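Below is one structure, written out as structure tokens; the observations come after it.
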Amino acid sequence: ETVDFVPNFDEERKEPVVLPSRIPNLLVNGSSGIAVGMATNIPPHNLGEVIDGICYVIDHPEADLDDLCAIIKGPDFPTGGIIMGRAGIRAAYATGRGKIKVRARCEIEDMPGSSNRQRIIVTEIPYMVNKARLVEAIANLVKDKRVEGISDVRDESSREGMRVVIECKRDANAQVVLNQLYNYTQLQDTVGVIMIAIDHKVPRVLTLKQMIQKYVEFQDEVIRRRTQYDLRKTEERAHILEGLKKATDIVDELIATIRSCKGGMAEAKAAIMEKFGFDDPLAGRTG
């Protein structure tokens, strides 16, 4: 009874409408999907930051966007990358819609054994970018001669982490090559944020604070309903125990009443209820 249950797809069983989540999964894990006439794309966030933000809103209901942005810095993409600027983050948190520019984490280093050759090492890529397709796109740019200065591209990734190596030609400027790759490939990509969520069966565009407030309201409801259920079960148990205590004081009369009933359990139960004032559950347990 903590959450509502509805029939499942074949109406043979019941399933919960929502789960009483202990963490705000929508913000922490993010969400992406398309429905009829609308789409949602909520980026993942750091669990610790989100929990701290929720605690702050509980303690300070009047908190504004600046207060929340000081706690929740921005999305926490599992593939890493560098977010370029905070304008997109702020727009997404303030209005529910925004565009966040994410750039791969790249380092330029001199190639071993060569003083005039450099290579670009890519260790993190933007969110939702396929690494294999990215490497293929870079290779196609070199093949089509749209990007000059690259001699080799290879994927050296392992279990220890991502590592894509882009070797530059002799005397080529690695920084110029990297800027071209940012321009032509998904080494720099834009993550569109549309924070649409279902609020009481209605899809709405929510700001960051509204999302946190909705989660706090949901937790209030979950705790209240769970506590009401526990209270009811405890009261029912206490009622039975009080009845059994009363029954032990008049056990001889109860036994005599039950034995005098020749119509079975139903008649004995009715007699106990009428003679001793027990209700139906208590009479059933006593009988």
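The values are calculated or read from the model by the stated rules, or taken from the named source; none is laboratory data. Treat the numbers as computed from the prediction; the structure is a model and nothing was measured. Neighbour counts run over all protein chains shown; Cβ positions are idealised from the backbone, glycine included. All accessible areas refer to the heavy atoms of the entire protein, side chains included, with ligands and DNA or RNA removed. Shrake-Rupley method; radii C 1.70, N 1.55, O 1.52, S 1.80 Å.
Each stretch of four or more DSSP H residues adds -39500 (n - 2.57); spread over every residue of the chain, this sum gives -14000 deg cm²/dmol at 222 nm. Annotation for segment 208-287: trypsin sites (Lys or Arg not before Pro) lying in DSSP loop with at most 15 further Cβ atoms inside 10 Å of their Cβ are Lys262. Quick one: grab the alpha carbon gyration tensor of the chain, order the square roots of its eigenvalues as a ≥ b ≥ c, and give me rounded if a/c is under 1.5, else prolate or oblate depending on whether a/b is larger than b/c. Verdict is prolate for the chain.
If R0 is taken as 30 Å, the Cβ-Cβ distance between Asp67 and Lys131 corresponds to a FRET efficiency of 0.20.
Overall, the anisotropy analysis places segment 77-122 in the prolate class: the square-rooted eigenvalues a ≥ b ≥ c of its C-alpha gyration tensor yield a/c not less than 1.5, with a/b exceeding b/c.
Using Cβ point charges alone (K and R +1, D and E -1), the dipole size of the chain about the Cα centre works out to roughly 840 debye.
In segment 1-90, what trypsin sites (Lys or Arg not before Pro) fall in a loop by DSSP, with at most 14 other Cβ atoms inside 10 Å?
Answer by residue number: Arg13, Arg22, Lys73, Arg86.
Using the Cβ-Cβ distance between Val6 and Leu47 with R0 = 25 Å, the FRET efficiency computed as 1/(1 + (r/R0)^6) comes to roughly 0.25.
FRET efficiency for Arg22 and Gln228, Cβ-Cβ distance as r, R0 = 25 Å, nearest 0.05? Walk me through the intermediate numbers first.
On the way: r = 19 Å, r/R0 = 0.75.
With R0 = 25 Å, the Cβ-Cβ based efficiency is 0.85.
Restricting the GluC sites (Glu not before Pro) of segment 47-138 to loop positions (DSSP other than H, G, I, E, B) with no more than 16 neighbouring Cβ atoms within 10 Å leaves Glu62. In the full protein context, the chain carries 61 Å² of accessible surface per residue, based on a 1.4 Å probe and ignoring ligands, DNA and RNA. Computed extension gain for Asn183 through Thr248, at 0.36 nm per residue and net of the alpha carbon distance, reaches 14.8 nm. Just Asn130, Asn41, Asn25 to compare: in a GNM of the chain, with alpha carbon springs under 10 Å, which one fluctuates most? Greatest mean-square fluctuation among the candidates belongs to Asn130. Averaging the Cα positions of each part gives two centres, and for segment 84-153 and segment 1-63 these lie 33 Å apart.
Potential lengthening of the chain between Met111 and Arg97 amounts to 0.7 nm, from the contour at 0.36 nm per residue minus the alpha-carbon distance. Among Leu68, Leu26, the sequence by solvent-accessible area, most first, with a 1.4 Å probe is Leu26, Leu68. When the alpha carbon gyration tensor of segment 194-283 is reduced to an equivalent ellipsoid, the three semi-axes, largest first, read 53, 14, 6 Å.
Kirkwood radius for segment 1-158, taken over all pairs of different Cα atoms as the inverse mean of 1/r, rounds to 19.9 Å. Taking His239, His60, His45 as the candidate residues, the one with maximal mean-square fluctuation in a Gaussian network model of the chain, Cα springs under 10 Å, is His239.
Among residues other than Asp4 with Cβ under 14 Å from its Cβ, the summed charge is +2 (Lys and Arg +1, Asp and Glu -1). Extension gain, Val36-Met84: 0.36 nm per intervening residue step, less the Cα-Cα distance, totals 14.1 nm.
Taking the protein heavy atoms of the chain in the context of the full set of protein chains, the accessible area attributed to carbon and sulfur is 51 percent at 1.4 Å. Kirkwood hydrodynamic radius computed over segment 130-287 comes to 23.9 Å, based on all pairs of distinct alpha carbons.
The alpha-carbon of Lys262 sits under 28 angstrom from the alpha-carbons of these lysines, leaving out residues fewer than 8 places away in its chain: Lys245, Lys246, Lys275.
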